[in-house]
Amino acid sequence: MSESHPELEPDPHDDGPMPGERRRRVLRIAVLVALGALVLPLVLSAYGVAKSAADRVCVLYVDAYDTDATGFRTSFEVFAPGGPSWECVAVSSGGAETLVARLGLLPAMPRLPAQPDPAPEREA
């Protein structure tokens, strides 16, 4: 088992200089910029999809639980009590804001309680 492994030996014809510190630094920066260019569109796309879903879910929550609200606001809170999540806030006509729901990282359609159908109007 004392065989020689030529692939592990240094190449005798490789007498070129090692890349300098400046060239290595430039190469590292170029690699980081390329990785950022690959990852940034994915992050922005995921944020846009999550924001759109949070808006649609928040409308349903505000309609179901806060009848006095005239609008809503969604925001992503990194340091929320339950961890990072989207928050749905109902906004009243006076400007008062009420937290309606925490929607999680990826908001999904809520399972709201069934509401009774309004009584049909009778004609006289």
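The values are calculated or read from the model by the stated rules, or taken from the named source; none is laboratory data. Keep in mind it's a predicted model, so treat the numbers as computed, not measured. Using ideal geometry, Cβ is built from the backbone for each residue, glycine included, and neighbour counts are taken over all protein chains shown.
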So for segment 15-33 (the condition being under 30 Å from P113 (Cβ atoms) and exposed (fewer than 13 other Cβ atoms within 10 Å of the Cβ)), does at least one residue qualify? no
Taking segment 72-123 and keeping residues within 17 Å of the chain's Cα centre (by Cα), among the small types (G, A, S) and at pLDDT below 90 leaves A80, G82, G83, G104, A108
Subset of segment 57-80, residues of a type in the set (D, E) and more than 12 Å from L103 (Cβ to Cβ), comes to D63, D66, D68
Contact list, first residue from segment 54-69 and over 16 Å from G104 (Cα atoms), second anywhere and polar (S, T, N, Q) and surrounded by fewer than 17 Cβ atoms within 10 Å (Cβ to Cβ), beta-carbon distance below 6 Å, six or more apart or interchain, is D68/S92; A69/S92
